[in-house]
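Presented below is the structure to which this report refers.
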Amino acid sequence: MNQILSTHELEKTLKEFKLAGMVKTLDLRLKQAQEDNLGYSEFLALMLEDELNSRSDNRKSRLYHQAHLPFEKGIEDFDFAFQPSIKKQEVLELATCHFLAKSTNILLIGQPGTGKTHLSVSLGLKALSYGKTVLFSSVWEMIQKLHESRADFSYQKKIEEYLKVDLLILDELGYRSMAEKTVEDFFEIVSRRYEKGSIIITTNRSLSEWDKVFIDRTLTTAIVDRLMHHSTIIEIKGESYRFKKKD
């Protein structure tokens, strides 16, 4: 004899099978099935669609949380008119995220306040919208975490966090010079992501000045070579947005 389950029992069973999306809409779909005289296959199709949508939304939320973006500003919020040195069409092309498939790097060079971080975050948001994994970090936050991981012997595990994502965004390169061990950590990330995963770097230093950041000329050359081999460079020569807001 077939057993007819109550709504409560159905919810309990769905929870046991971890079908949270179905649980959320069960009451609504049961009412809809009754009012619209839905067949079993139609009802099941709607419930499955609810589950798929729920899982997709949950994944997007999880990816965004794990990205650690400092704020949420899209390309549509960027004032290209204020920064005419930037080719808008070039940025819009990057926003398709085709560069990720080729493991192309992006270097955003400009003085403080010119919109480098905004552009990097905007591209990160686009990557997330395509279901890609993203991690944002200031250069020194990453270096500090790698330094601390040596003390508790979790260095390789921490390195993997910066290697496994589709897009790594490193903000504020150049504000401080790096000691020898620090440069080695930075080189480790760059070399192991080389031709395997894209990096976006924002910096206030032109490439010709990077030897003042990394100190070690040999490693400076090695880092620049790997970053430049597949890269897009956007140099922003405009004024600071912060001064604009003061006017």
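Within the range 140-155, whose backbone N sits under 15 Å from a point 7 Å along Cα→Cβ of SER231? Under 15 Å, as judged by backbone N against the label point of SER231, lies no residue of the range 140-155.
Our summary gives the chain a relative contact order of 24 percent, counting only alpha carbon pairs under 8 angstrom and 6 or more residues apart.
Do any GluC sites (Glu not before Pro) in the range 39-86 lie in a loop, going by DSSP, with at most 15 other beta-carbon atoms within 10 Å of their beta carbon, and if so which?
Numbers: sites: GLU42, GLU49, GLU51, GLU72, GLU76; in loops: GLU72.
Passing both the DSSP loop test and the Cβ count: GLU72.
Could you tell me the ratio Rg/Rh of the chain? Both radii from Cα atoms, Rh via Kirkwood. Numbers along the way, then the final one.
On the way: Rg = 24.0 Å, Rh = 21.0 Å.
Rg divided by Rh gives 1.14.
Charge tally for GLU9 (other residues, Cβ to Cβ under 12 Å; Lys, Arg +1; Asp, Glu -1): 0.
How large is the convex hull of the C-alpha atoms of the range 174-247 per residue, in Å³? Walk me through the numbers on the way to the answer.
Numbers: hull volume 7.8 nm³, N = 74.
Measuring per residue, one finds 105 Å³ for the Cα hull of the range 174-247.
Would any residue of the range 63-89 have its amide N under 17 Å from a label point 7 Å out along Cα→Cβ of GLN111? List them or say none. From the range 63-89, the list is 82-86. The modelled label-to-label distance for the pair SER240/ASP79, using points 7 Å beyond Cα in the direction of Cβ, is 1.5 nm.
The aspartates and glutamates within cross-link reach of LYS126, meaning a Cα-to-Cα straight distance under 19 Å and a gap of 8 or more places when in the same chain, are ASP57, GLU72, GLU76, ASP77, ASP79, GLU90, GLU93, ASP166, ASP171.
Got a sec? How would THR182, THR7, THR221 order by Cβ neighbour count within 10 Å, fewest to most?
Details: THR182 19, THR7 10, THR221 13.
In increasing order of surrounding Cβ atoms, one gets THR7, THR221, THR182.
Under the simplified labelling scheme, the PHE43-ALA151 pair shows an inter-label distance of 6.0 nm, with each label point 7 Å from Cα along Cα→Cβ. If the reach is capped at under 16 angstrom between alpha carbons, list the lysines near LYS12, excluding any in the same chain fewer than eight residues apart. Filter leaves LYS24.
Quick one: which of 161-171, 140-150, 184-194 comes out on top by average Cβ neighbours within 10 Å, and what's the full order, highest first? Could you put the intermediate results ahead of the total?
On the way: 161-171: 20.7, 140-150: 16.3, 184-194: 17.9.
Put in order of decreasing packing, that is 161-171, 184-194, 140-150.
Output the pairs from LYS164/LYS212; LYS87/LYS164; LYS15/LYS60; LYS145/LYS181; LYS196/LYS237; LYS31/LYS60 with a Cα-Cα distance over 19 Å in this structure; if there are none, say none. Violating the 19 Å Cα-Cα cut-off are LYS164/LYS212; LYS87/LYS164; LYS15/LYS60; LYS196/LYS237; LYS31/LYS60.
Translational diffusion of the range 1-145 was estimated from the Stokes-Einstein equation, with Rh taken as the Kirkwood radius over Cα pairs; at 10 °C and 1.306 mPa s the coefficient is 83 µm²/s. Our note on the geometry: Cα centres of the range 49-74 and the range 109-137, 16 Å apart.
Read-outs throughout are calculated quantities, based only on the coordinates presented, and are distinct from any laboratory measurement. Since we're looking at a predicted model, the values are computed, not measured. So basically every Cβ, Gly included, is an ideal-geometry build from the backbone, and we count neighbours across all protein chains shown.
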